[in-house]
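Note sheet for the following structure.
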Amino acid sequence: MARLLLVHHTPSPSMHSMFEAARSGAADPAITGVEVVTRAALAATVSDVLQADGYLLGSPANLGYISGALKHFFDQIYYPCLEETVGRRYGLYLHGNNDTTGAELAVDKITTGLRWRRAQAPVTVVGEPSRSDLDACRELGAALAAGLTLG
């Protein structure tokens, strides 16, 4: 069975809504053969990353960058996972009050170093998430999970 690791930092109601939508898409009962494991960014471990086949990452954009919690996650797993996770797929959702560009760029740089492959365009939301934003998060989770079953 494939395993999707959802690593998130969810400090606000907006991030919580996006997290719930992404998780619900990934755990859609129509998608079989995928176990969805969720971990707060500060609690996710090297073992979690090594045991997963793909990753769904969620972070607020704080002062033009990813949250300190997601940065801590990457700092902890980077070297231990550098060779063992090459080519694995990931997805990303971000929320910002003003802008998400810097946070998206940061994740792009880190995942390029890890040699992970972006499964599809990130979901980026500025301001209060709309119904279509939450639908996009749900679709991101579902697409990433379904993609893991295809190999």
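Values quoted throughout were computed directly from the atomic coordinates according to the rules given, and no laboratory measurement underlies them. What you see is a predicted model; the values in this text were computed from it and never measured. Cβ sites come from the backbone with ideal geometry, for glycine too, and all protein chains shown count toward neighbours.
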Checklist entry - Can you give the relative contact order of the stretch 2-149 as a percent, counting alpha carbon pairs under 8 Å and 6+ residues apart? => result 34
Item to check | Positive minus negative residues near PRO13 (Lys, Arg vs Asp, Glu; Cβ under 12 Å) | outcome: -2
Item to check | Sorted by Cβ density within 10 Å, fewest first, the residues ARG131, ARG89, ARG117, ARG3 | outcome: ARG131, ARG117, ARG3, ARG89
Checklist outcome for this item: For ASN62, the residues 5 or more places away or on another chain with a placed amide H closer than 5 Å to its own amide H are SER67
Next on the checklist: Order these by the 10 Å Cβ neighbour count, fewest first: SER132, SER12, SER59.
Outcome noted: SER132, SER12, SER59
Checklist outcome for this item: Placing +1 on each Lys and Arg Cβ and -1 on each Asp and Glu Cβ in the chain, then taking the dipole about the Cα centre, the residue among VAL7, ALA30, SER47 whose Cα reaches farthest towards the positive end is SER47
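Looking at the stretch 97-151, what % of the alpha carbon pairs are farther apart than 16 Å?
54
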Checklist entry - So what is the calculated 222 nm ellipticity per residue for the chain, using -39500 (n - 2.57) for each DSSP H run with n of 4 or more, over all residues, to the nearest 500 deg cm²/dmol? => result -14000 deg cm²/dmol
Checklist entry - So how far apart, in nm, are the two label points at SER12 and ALA121 if each is 7 Å from Cα heading toward Cβ? => result 2.2
Checklist outcome for this item: Listed residues LEU94, LEU105, LEU56; largest mean-square fluctuation, Gaussian network over the chain with Cα springs below 10 Å, found at LEU105
Checklist entry - With θ set to phi - 60° and the Karplus curve 6.51 cos²θ - 1.76 cosθ + 1.60, what are the ³J(HN,Hα) couplings of the stretch 27-36 in order, to the nearest whole Hz, using x for Gly and Pro? => result 9, 3, x, 6, 9, 9, x, 10, 9, 9
Checklist entry - In which sequence would ILE31, ILE110 go, from the one with the fewest C-beta neighbours within 10 Å to the one with the most? => result ILE110, ILE31
Checklist entry - Amide H of VAL126: which non-local residues (sequence gap of 5 or more, or other chain) have their own amide H closer than 5 Å, using H built in the peptide plane? => result GLY96
Checklist entry - When all alpha-carbon pairs of the chain are counted, what percent fall beyond 27 Å? => result 12
